[in-house]
1. Considering only residues that are hydrophobic (A, V, I, L, M, F, W, C) and within 14 Å of the chain's Cα centre (by Cα), look in the stretch 63-79 and name the one that is nearest to THR39 (Cα to Cα).
2. Those residues that are surrounded by 16 or more Cβ atoms within 10 Å (Cβ to Cβ) and closer than 24 Å to LYS75 by Cα, I need them from the stretch 10-31; list them, please.
3. Looking at (1) modelled with pLDDT under 95; (2) more than 14 Å from the chain's Cα centre (by Cα); (3) part of a helix (DSSP H, G or I), which one does ASP89 not meet, given that it meets all the others?
4. Given the conditions (1) under 25 Å from GLU6 (Cβ atoms); (2) of a type in the set (Gly, Ala, Ser); (3) surrounded by fewer than 18 Cβ atoms within 10 Å (Cβ to Cβ), report the number of the one that GLY52 does not fulfil.
Amino acid sequence: MKQRPEKLEDMQQLVLAIARALVDIPDAVVVDARVAGETTTLSLRVAPEEVGKVIGKQGRLAQSIRVLLGAVGMKHQHRYTLHILQEHDVETSTEERGEEAFPGGRNR
């Protein structure tokens with residue numbers, strides 16, 4: 001089943017809303033999506049000092065977000081994965097694509 005754009009946007013907005021509620025600098029939260037066949041990878045970026053706030057103790061918050069993505073994915077018949085990018089991940093992934101790490105500091 002092909003991923004419809006409005007469902008992808010809904011999933012990005014879901015992760016964005018959850019992450020913004022958890023951090024002190026909500027304007028630094030960015031969620032990018034990459035669709036590959038039946039799987040969509042959502043990459044979450046936050047300010048470097050706030051990564052722990054979205055991961056949580058022993059990764060519980062991150063795992064809870066992934067559970068929500070799995071539940072919605074069952075309804076959409078599509079698989080969603082979540083990557084929480086840390087500072088060195090952001091530099092590497094954006095350098096490979098020739099982009100700025102936090103372009104303009106704005107969200108998508």
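The values are calculated or read from the model by the stated rules, or taken from the named source; none is laboratory data. This one's a predicted model, so the numbers in the text were calculated from it and none came from an experiment. All Cβ positions, even for glycine, are placed from backbone atoms using ideal geometry, and neighbour counts span all protein chains on display.
1. Checking each candidate, the answer is LEU69.
2. Of everything in the stretch 10-31, those that are surrounded by 16 or more Cβ atoms within 10 Å (Cβ to Cβ) and closer than 24 Å to LYS75 by Cα turn out to be MET11, GLN12, LEU14, VAL15, LEU16, ILE18, ALA19, VAL31.
3. (2)
4. Exception for GLY52: condition (1).
So that you can scan it fast, the table gives a plain yes or no per residue for (1) of a type outside the set (Lys, Arg); (2) modelled with pLDDT under 95; (3) touching a strand residue (DSSP E or B) at 6+ places or on another chain (Cβ under 9 Å):
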residue: VAL29; (1), (2), (3): yes, no, yes
residue: VAL35; (1), (2), (3): yes, yes, yes
residue: LEU44; (1), (2), (3): yes, no, yes
residue: LEU61; (1), (2), (3): yes, no, no
residue: GLY73; (1), (2), (3): yes, yes, yes
residue: HIS76; (1), (2), (3): yes, yes, no
residue: SER93; (1), (2), (3): yes, yes, yes
residue: GLU100; (1), (2), (3): yes, yes, no
residue: GLY104; (1), (2), (3): yes, yes, no
